[in-house]
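The values are calculated or read from the model by the stated rules, or taken from the named source; none is laboratory data. Small disclaimer: the values here were computed from a predicted structure and weren't measured. Using ideal geometry, Cβ is built from the backbone for each residue, glycine included, and neighbour counts are taken over all protein chains shown.
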Amino acid sequence: MARRTIVAANWKMNGDLTLVDTMVKNLKTVELQDNVSVVICPSSPYLSSLVEKVSEQALNGAICIGAQNVSEHEYGAYTGEISTQMLQELSVEFVIIGHSERRGYYKETSTQVAHKVKAALNAGLTPILCIGESEAERATEQTEFVLASQLQPVIDEVGIEKFIDVVIAYEPVWAIGTGKTASSEMAQETHQFIRQFLAKANESVAAKVPLLYGGSVNASNCNELFAQVDIDGGLIGGASLQVEQFKAICLATKGK
Ligand code: PGA
């Protein structure tokens, strides 16, 4: 079953207008393989500039725009928040939801994450739903329990059928920004668990959901990771800020 392969850049609170410009110009020279999509998720103040640069370089369609967060509320007195409608107005197509940094530092719960996924889907945005276990949870063999408890509230909130429009990023917290990547076998095993968990609710939907791996992915380890049957691309943090690295990852990524 052919699934879309996605390479998504999560710039977190990094980058500037110069990076937006250089990244887009450099990606223009990359010939993506069939069925591979590149998504760039800069900090929200840079979204409009990214939209502009992508269209200046006639890369609409080749480079998709993503946000790093969105509010679960439609509008109103929520200082500092960004609504789905604002993202839609900027031609944003994807939104990262439930990143472990948001769950950890900003105490986002799986219930709140589920509400955000619902808001994004209702607005026609594709959520990149992040899930993952901590080092202590992996060590005490709670990985599957943790992943299930992060996924189930979203399934309950939006219904499994809607997962056809959801991308899931499995990011073991201990691998994020640490240089410690999960081995390709470990990553595959966990991705397979996620797909089987979804399949218990709906087999045909589960077969179609792109599952991305995230956590210290770089140009040297991406090939082996992305070659795994249930790994459909990656969510790239640190390496996506380095133009040559990110270009190399995009170039190396093969559609399935
Ligand atoms: P990393 O971050 O590639 O720097 O580990 C990935 C992420 O947090 O999405």
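What the table shows:
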read-out: Set 105, 46: member being more than 17 Å from the chain's Cα centre (by Cα) and loosely packed, with under 13 Cβ neighbours inside 10 Å; value: 105
read-out: Residue tally, condition farther than 23 Å from residue 229 by Cβ, among the β-branched types (Val, Ile, Thr) and within 16 Å of the ligand (Cβ to nearest atom), over the stretch 140-186; value: 3
read-out: Residues of the stretch 189-205 classified as in a helix (DSSP H, G or I), more than 17 Å from the chain's Cα centre (by Cα) and in contact (Cβ under 8 Å) with a residue 12 or more places away in the chain, total; value: 6
read-out: Residues satisfying the stated conditions in the stretch 168-205, i.e. small (Gly, Ala, Ser) and crowded, with 20+ Cβ neighbours inside 10 Å; value: 169, 175, 182, 187
read-out: Some residue of the stretch 138-154 being closer than 21 Å to residue 8 by Cβ and outside any helix (DSSP H, G or I); value: no
read-out: Residue count, the stretch 82-116 (criterion: over 30 Å from residue 27 (Cα atoms) and acidic (Asp, Glu)); value: 1
read-out: Residue in the stretch 222-229 that is closer than 24 Å to residue 33 by Cβ, within 11 Å of the ligand (Cβ to nearest atom) and outside any helix (DSSP H, G or I) present; value: no
read-out: Residue check, residue 217 surrounded by 19 or more Cβ atoms within 10 Å (Cβ to Cβ) and outside any helix (DSSP H, G or I); value: yes
read-out: Restricting the stretch 230-256 to residues that are more than 11 Å from the ligand (Cβ to nearest atom) and not in a loop (DSSP other than H, G, I, E, B), the residue that is modelled with the lowest pLDDT; value: 252
read-out: Matching option when the condition is touching a helix residue (DSSP H, G or I) at 6+ places or on another chain (Cβ under 9 Å) and within 22 Å of residue 218 (Cα to Cα), among 109, 126, 181; value: 181
read-out: Some residue of the stretch 48-67 being of a type in the set (S, T, N, Q) and within 16 Å of the ligand (Cβ to nearest atom); value: no
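Residue by residue, here is whether (1) within 23 Å of residue 177 (Cβ to Cβ); (2) out of contact with any helix residue (DSSP H, G or I) (no Cβ under 7 Å at 6 or more places or on another chain) holds:
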| site | (1), (2) |
| --- | --- |
| 50 | yes, no |
| 57 | no, no |
| 64 | no, yes |
| 73 | no, yes |
| 85 | no, yes |
| 89 | no, yes |
| 92 | no, no |
| 100 | yes, no |
